[in-house]
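Before any comments, here is the structure.
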Amino acid sequence: MSFEVVDGLRTVNLDMIATVALASLMLLFGNFIKKKITILEKFCIPGPVVGGLLVAIIVLILKASNILNISMDTTLQSPFMITFFTTVGLGASFALVKKGGKLLIVYWLLCGVLSVAQNLVGVIGAKLTGIDPLIGIMCGAASMEGGHGAAASFGATVESLGVTGAATIGMAAATFGVVCGGLIGGPISRYLIDKYNLRPTEDITSKDSGNSVGGGVSAEEVAGIKISESFNSNTMIVQITVIASCMTIGTVVSTWFTNITDIVLPGYVGAMFIAVIFRNLNDKLKLVNLDLYTVDIISNVCLSIFLTMALMTMKLWELADLAGPMIIIVVAQVAFIALFGAFVVFRLLGKNFDAAIMVAGFLGHGLGATPNALANINSVTSRYGNSTKAMLIVPLVGAFLIDLFAIPTIVTFINFFS
């Protein structure tokens, strides 16, 4: 950490270790604040968003008041980001798709359609408001279906193409989306249930509830993410070795692909797909003991620190000229997904009770967060009864399968409009 005066303004330079330390502290503080403020908990606003945004606001105030400038070294942000996307790939077992049957495939395809539609809404909105189409894409699937993680990641990619403020816009849109996803998911699902007088096919008094997907098995267990009996340092080292190897190979593949095609393929995208390939080969060949409980811990830690760092370093002053168009585009996104969910998703999923519950989840993670989807589902099922199908399909698709559609779609749109 060092101090200097730049253009007459005293500047504090935080090195990469100090930046990670601050991010970790603000992550813990954000989680603490979230528990204390009911509205943050209700709308599933992530702790990293709370803590990171608080720092960004303080930095903005200090800078605007000509009191102090704070500069942070984000060198370690990229490794945390790539690690997270690699763990997403390791969670994408195609064998899991069989557990959901045809209904999971339909739901998954609908999520793919949504990713394309959100980007189209973003681009059209950008054209109508007179801003760069790439900014519109940052208000599309990158921040809506992708959430804060994808918004921060693709924001850096878009900014590298010369679009100032892309990351800040993406993060702001993702935050707006998360709030809206929590607001509209439950009410629309309840409207469908009441309108069509739907009732659960399962016994409401069953002991299976909450995150249960039937038979006392949790959604996490269905995905293979359950407490490991062999969680130790050696298990951790094996998982880190797998993750680091996938990251390395994926980055090399991304660079090679970009060089021969002139299509921008970020390193984290290559790492994720290499991890997908490894996961499914490993399921067949049993090359290593892939402990998904340990992988999930690594994923959560890396995502939390990465998000906090990304939000801390947002340049909020860049929102001044783009806030209006961003709000218009995001409002259009919310209106579109509400109509799409109620009139298309509900019907294609069977127009029954399970379909209505899945609409609540669809609106939750379609606007930014799987926890939002689960919160929406729990709020409806606590009143009307359980839906085993929804609690199986929504977490599986929302947590990682959705990225297999959304990320290639976002990359394609970015390259087309760059």
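The values are calculated or read from the model by the stated rules, or taken from the named source; none is laboratory data. All figures in this text were calculated on a predicted structure; none of them were measured in a lab. When we count neighbours, we look across all protein chains shown, and the Cβ atoms used for this are built from the backbone with ideal geometry, even at glycine.
Under the condition of being of a type outside the set (Gly, Ala, Ser) and surrounded by fewer than 24 Cβ atoms within 10 Å (Cβ to Cβ), which residue from the stretch 354-380 is nearest to the chain's Cα centre (by Cα)? Give the derivation first.
Looking only at the stretch 354-380, we keep the residues that are of a type outside the set (Gly, Ala, Ser), and these are 354, 357-359, 362-363, 365, 367, 370-372, 374, 376-378, 380.
Okay, now just the ones that are also surrounded by fewer than 24 Cβ atoms within 10 Å (Cβ to Cβ), so 354, 370-371, 378.
On the way: Asp354: 24, Thr370: 7, Pro371: 10, Asn378: 20 Å.
The selected residue is Thr370.
Among the residues in the stretch 363-374, are any closer than 21 Å to Lys99 by Cα and polar (S, T, N, Q)?
For the stretch 363-374, residues closer than 21 Å to Lys99 by Cα and polar (S, T, N, Q): present.
Only one of Thr251, Thr241, Thr255 is part of a helix (DSSP H, G or I), modelled with pLDDT of 85 or more and surrounded by 15 or more Cβ atoms within 10 Å (Cβ to Cβ). Can you tell me which?
Details: Thr241 fails: surrounded by 15 or more Cβ atoms within 10 Å (Cβ to Cβ); Thr255 fails: surrounded by 15 or more Cβ atoms within 10 Å (Cβ to Cβ).
When all the criteria are applied, what remains is Thr251.
Of all residues in the stretch 325-341, which are crowded, with 20+ Cβ neighbours inside 10 Å and not β-branched (Val, Ile, Thr)?
Pro325, Met326, Gln333, Phe340, Gly341
How many residues are among the aliphatic types (A, V, I, L, M) and touching a residue at least 60 places away in the same chain (Cβ under 8 Å) when one looks only at the stretch 50-97?
Residues meeting the conditions: 17.
If I filter the stretch 382-394 for residues that are part of a helix (DSSP H, G or I), crowded, with 24+ Cβ neighbours inside 10 Å, among the small types (Gly, Ala, Ser) and in contact (Cβ under 8 Å) with a residue 24 or more places away in the chain, do I get at least one hit?
Among the residues of the stretch 382-394, at least one is part of a helix (DSSP H, G or I), crowded, with 24+ Cβ neighbours inside 10 Å, among the small types (Gly, Ala, Ser) and in contact (Cβ under 8 Å) with a residue 24 or more places away in the chain, which makes the answer yes.
Got at least one residue in the stretch 356-367 being free of Cβ contacts under 8 Å to residues at least 60 places away in the same chain and either among the polar types (S, T, N, Q) or assigned to a helix (DSSP H, G or I) (or both)?
Scanning the stretch 356-367, I find no residue that is free of Cβ contacts under 8 Å to residues at least 60 places away in the same chain and either among the polar types (S, T, N, Q) or assigned to a helix (DSSP H, G or I) (or both), so the answer is no.
Within the stretch 130-167, can you find the residues that are part of a helix (DSSP H, G or I), closer than 25 Å to Leu363 by Cβ and among the hydroxyl-bearing types (Ser, Thr, Tyr)?
Residue satisfying the conditions is Ser153 alone.
Give the residues of the stretch 300-355 that are in contact (Cβ under 8 Å) with a residue 40 or more places away in the chain, in a helix (DSSP H, G or I) and of a type in the set (D, E, K, R), sorted by residue number.
Listed by number, the residues that qualify are Glu318, Asp354.
Here are Asp73, Asp7, Asp15: which of them is in contact with a helix residue (DSSP H, G or I) (Cβ under 7 Å, 6 or more places away or on another chain) and either in the same structural domain as Gly146 (by TED's automatic domain parsing) or over 21 Å from Leu319 (Cβ atoms) (or both)? Walk me through how you get there before you give the answer.
Working: Asp7 fails: in contact with a helix residue (DSSP H, G or I) (Cβ under 7 Å, 6 or more places away or on another chain); Asp15 fails: in contact with a helix residue (DSSP H, G or I) (Cβ under 7 Å, 6 or more places away or on another chain).
After applying the criteria, what remains is Asp73.
In the stretch 74-129, how many are of a type in the set (Ser, Thr, Tyr) and not in a helix (DSSP H, G or I)? Before you say what the answer is, go through the steps one by one.
Initially, the stretch 74-129 is screened for residues of a type in the set (Ser, Thr, Tyr), giving 74-75, 78, 83, 86-87, 93, 107, 115, 129.
Keeping just the survivors that are not in a helix (DSSP H, G or I) gives 74-75, 93.
Of the residues in the stretch 74-129, 3 are of a type in the set (Ser, Thr, Tyr) and not in a helix (DSSP H, G or I).
Here is a yes/no grid of residues against (1) modelled with pLDDT of 90 or more; (2) buried (at least 21 other Cβ atoms within 10 Å of the Cβ); (3) of a type in the set (S, T, N, Q); (4) out of contact with any Ser or Thr (no Cβ under 6 Å at 6 or more places or on another chain):
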site: Leu134; (1), (2), (3), (4): yes, yes, no, yes
site: Ser143; (1), (2), (3), (4): yes, yes, yes, yes
site: His148; (1), (2), (3), (4): no, yes, no, yes
site: Phe154; (1), (2), (3), (4): yes, yes, no, yes
site: Val158; (1), (2), (3), (4): yes, yes, no, yes
site: Ala172; (1), (2), (3), (4): yes, yes, no, yes
site: Arg199; (1), (2), (3), (4): yes, no, no, yes
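Would the stretch 42-58 turn up any residue that is outside any helix (DSSP H, G or I), at pLDDT below 90, aromatic (Phe, Trp, Tyr) and buried (at least 16 other Cβ atoms within 10 Å of the Cβ)?
yes
Can you name the condition, by its number, that Ile297 falls short on among (1) within 22 Å of Ala23 (Cβ to Cβ); (2) touching a residue at least 40 places away in the same chain (Cβ under 8 Å); (3) surrounded by fewer than 23 Cβ atoms within 10 Å (Cβ to Cβ)?
For Ile297, the exception is condition (2).
Tally time: how many residues in the stretch 333-383 are within 19 Å of Ala150 (Cβ to Cβ) and of a type in the set (Gly, Ala, Ser)?
So the answer is 6.
Do we have Val264 as outside any helix (DSSP H, G or I), in the same structural domain as Ile410 (by TED's automatic domain parsing), at pLDDT below 90 and not polar (S, T, N, Q) here? Write out each step before concluding.
On the way: outside any helix (DSSP H, G or I): yes; in the same structural domain as Ile410 (by TED's automatic domain parsing): yes; at pLDDT below 90: yes; not polar (S, T, N, Q): yes.
Yes: the conditions hold for Val264.
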